[in-house]
Amino acid sequence: MSVWDDVVGQPDAVATLRRAATDPAAMTHAWLLTGPPGSGRSVAARAFAAALQCTGTDGETGGCGRCQACTTTLAGTHPDLTVVATDKVVITIDEVRDLIMTAARTPSSGRYRVIVVEDADRMAERTTNVLLKAIEEPPPHTVWVLCAPSAQDVLPTIRSRCRGVVLRVPPARDVADLLVRRDGIDPAVALTAARAAQSHVGLARRLARDADARERRDAVLEIARRIRGVGDAVLAAGELVDVAKAEAVAATAERDAVEKAELMRALGVQEGDTLPPRLRSQLKQLEDDQKRRATRRQRDVLDRSMVDLLSLYRDVLVVQLGATVDLVNAEHDGAVRALAADSTPEQTIRRMDAIGVARERLEGNVAPLLALEAMTVALRPQG
């Protein structure tokens, strides 16, 4: 067993990080882990943090996976590990200032104080500039590990001060093997889920374990066949947005209620009591944070739906061009071939472009319904 076991399909990245954890000459104080969604950036970052803290068992160091330092780091409970994984639209400047204060402290028990920022691309320029000096001149035993989809997603001043490690999309079979080994998933189900998730480990695990998630994905793919005109397109866009809203509410409602109850207790307000005016600003701040989290969740659900549609049209294009590669959506072979017969490769590419534009618009804060309507209208059959 090793802390690196769950970092699938990344031999070069693992070799670089493992060497840095055991060889001081290969170590540096700031790292930037980049790779497409699902490549395992956050998993690799936590494994690296564990390897840095590893005290070793049976003479093995650099991430043995069995010592207390390894197990607590992987569990996120090590006192010298701080992980920022925002579920809001952006990481705020106040959060970064708190991180900088944490980074300045001497490790309490570990070899390093490790700060992992899983969403470094969600920092505004002003926020990133606040972080710059801390990364430029960190205390001797502090290590920063930033994660982002690509090096271009962080400011040049930040990436020039970090050592970069690039992760790739792991092979679907490697992801399936992980699901079988770690979660006991049936090999056939695991491979289907890995392909449908396009090797995104977290999504593959959810698809493999959750029949409802598989049904929702099938419903999204069915939209491509249902759209025959503008009216169908508008209805489909509304359906996608409504489903995303419902999923966002379902995913955040319980946590929102717990957070509100905890805040009210901390403020000394009993259930049913009226909140004094002087305390209302704190409740308002919590509600604003929760709204931002729900917005982020809704966008993520919509983006995932669009990625699923892209995978379908990718398969359509594969069939149209006669390419000898596996289909991502092999279980939807009939629908893929029907769409391929009903359109040209040029039309398929235009549809894929329309989905890409919709994703960019969502990222640019365009109203989701408007972005999705423009996309679904472009998906209708063309004469």
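Observations on the model:
- Cα-projected label distance for residue 266 with residue 109, points at 7 Å along beta-carbon direction, nm: 2.4 nm
- For segment 255-261, the Karplus equation 6.51 cos²θ - 1.76 cosθ + 1.60, evaluated at θ = phi - 60°, returns couplings of 5, 4, 5, 5, 4, 5, 4 Hz by residue, with Gly and Pro reported as x.
- Compared with the dominant principal axis of the Cα atoms in the chain, helix 345-363 is inclined by about 40°.
- Placing +1 on the Cβ of every Lys and Arg and -1 on the Cβ of every Asp and Glu, with nothing else charged, gives segment 234-383 a dipole about its Cα centre of roughly 540 debye.
- Here the Karplus curve 6.51 cos²θ - 1.76 cosθ + 1.60, taken at θ = phi - 60°, turns the phi angles of segment 106-115 into couplings of 6, x, 7, 8, x, 6, 9, 9, 10, 10 Hz, with x standing for Gly and Pro.
- Close amide H partners of residue 84, meaning residues 5 or more places away or on another chain with modelled amide H under 5 Å apart, are 116, 117, 118.
- List 348, 16, ordered by accessible area with a 1.4 Å probe, largest first: 16, 348
- Per residue solvent-accessible surface (Å²) - the chain, probe of 1.4 Å: 49 Å²
- Stokes-Einstein diffusion of segment 271-326 at 20 °C, 1.002 mPa s viscosity, Kirkwood radius from Cα pairs, rounded to a whole number: 140 µm²/s.
- Candidate residues 200, 141: accessible-area rank, largest first, probe 1.4 Å: 141, 200
- Overall form of segment 115-165 per C-alpha gyration tensor (a/c, 1.5; a/b vs b/c): prolate
- For the chain, share of DSSP beta bridges that run antiparallel, in % to the nearest 5: 5 percent
- Relative contact order (%) - criterion: Cα under 8 Å, at least six apart; region: the chain: 16 percent
- The chain - Rg (one decimal) and Dmax (whole number), Cα, Å: 23.1, 70
- With a Förster radius of 25 Å applied to the beta-carbon distance between residue 166 and residue 26, the computed FRET efficiency rounds to 0.90.
- Remark: the residue 235-residue 285 segment gains 14.5 nm on full extension, using 0.36 nm per residue and subtracting the alpha carbon distance.
- Computed accessible area, residue 327, all protein chains, 1.4 angstrom probe, square angstrom: 30 Å²
- Within the accessible area of the chain (1.4 Å probe), percent carbon and sulfur: 52 percent
- With N as its number of residues, segment 188-241 has a Cα radius of gyration that, divided by 2.2 N^0.38 Å, comes to 1.34.
- Global size of segment 1-99: 14.1, 44 Å for Rg and Dmax (C-alpha atoms, Rg to one decimal, Dmax whole).
- For residue 337, the solvent-accessible surface computed with a 1.4 Å probe is close to 120 Å², ligands and nucleic acids excluded.
- Considering only 127, 1, 73, and ranking their Cα positions along the charge dipole of the chain that arises from unit charges at the beta-carbon of Lys, Arg, Asp and Glu, the one farthest toward the positive end is 127.
- With all pairs of different C-alpha atoms in the average, the Kirkwood value for the hydrodynamic radius of segment 195-314 is 17.0 Å.
- Among 76, 56, 231, residue whose mean-square fluctuation peaks in a GNM of the chain (springs only between Cα atoms under 10 Å): 231
- Value of D in µm² per second that Stokes-Einstein yields for segment 131-255, Kirkwood Rh from Cα pairs, at 20 °C (1.002 mPa s): 117 µm²/s
- Lys, Arg +1 and Asp, Glu -1 on Cβ, resulting dipole of segment 82-226 about Cα centre, debye, nearest 20: 280 debye
- Heavy-atom accessible area order for 112, 313, largest first, 1.4 Å probe: 112, 313
- With q set to 0.10, 0.15, 0.19 Å⁻¹, the log10 of I(q)/I(0) for segment 257-383, from the Debye formula over equal scatterers at the Cα positions, is -0.51, -0.76, -1.02.
The values are calculated or read from the model by the stated rules, or taken from the named source; none is laboratory data. Nothing here was measured: the structure is a model prediction, and the numbers come from that model. Glycine gets a Cβ as well: all are built from the backbone with ideal geometry, and neighbour counts include every protein chain shown. Just the protein is used for accessible areas: all its heavy atoms, side chains included, with ligands, DNA and RNA removed. Shrake-Rupley method; radii C 1.70, N 1.55, O 1.52, S 1.80 Å.
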